[in-house]
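Quick notes on the structure that follows.
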Amino acid sequence: MELYELVLELNLLERRLTLYEEKYGVLSEDFHRALIAGELARYDEFDESRVDFSRWKGLYETWLRRKHAYDERVREGTIVNGASGRSCSQGRCA
């Protein structure tokens, strides 16, 4: 996946995550930590929150994977100049 595609997907995921953050009043990172720690088990009896939490968890974990891929590409020194597909490495673009 090109860097610009990762940026587009990260932005799309962030917009979707924001909807859950606003609905439940907690940031995705904190939600995910609490969910993994089992602190949200009391919400399992509610169908709406169970479905929301499942989707929110999936979105956040996808965001984490895409962010990791983005960070790896940047660390490698390979930057794609926008949607043009031009590869740039160490300040030089082809």
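How many angstrom lie between the Cα centre of the stretch 6-39 and the Cα centre of the stretch 49-69?
7
If we sort 25-35, 65-75 on the protection proxy, mean other Cβ atoms within 10 Å, highest first, what's the order?
The densest-packed peptide leads the list: 25-35, 65-75.
Where in the stretch 12-31 does the amide nitrogen come within less than 12 Å of the point 7 Å from the Cα of Ser49, taken along Cα to Cβ?
Answer for this model: 24-25.
What is the extension gain from Leu8 to Asp30, computed as 0.36 nm multiplied by their sequence separation minus the C-alpha to C-alpha distance, in nm to one decimal?
Roughly 5.6 nm would be gained on extension.
Since every read-out is calculated from the coordinates, none of them should be taken as a lab result. Treat the numbers as computed from the prediction; the structure is a model and nothing was measured. A quick note on method: Cβ atoms are made from the backbone with ideal geometry, for glycine too, and the neighbour counts reach across all protein chains shown.
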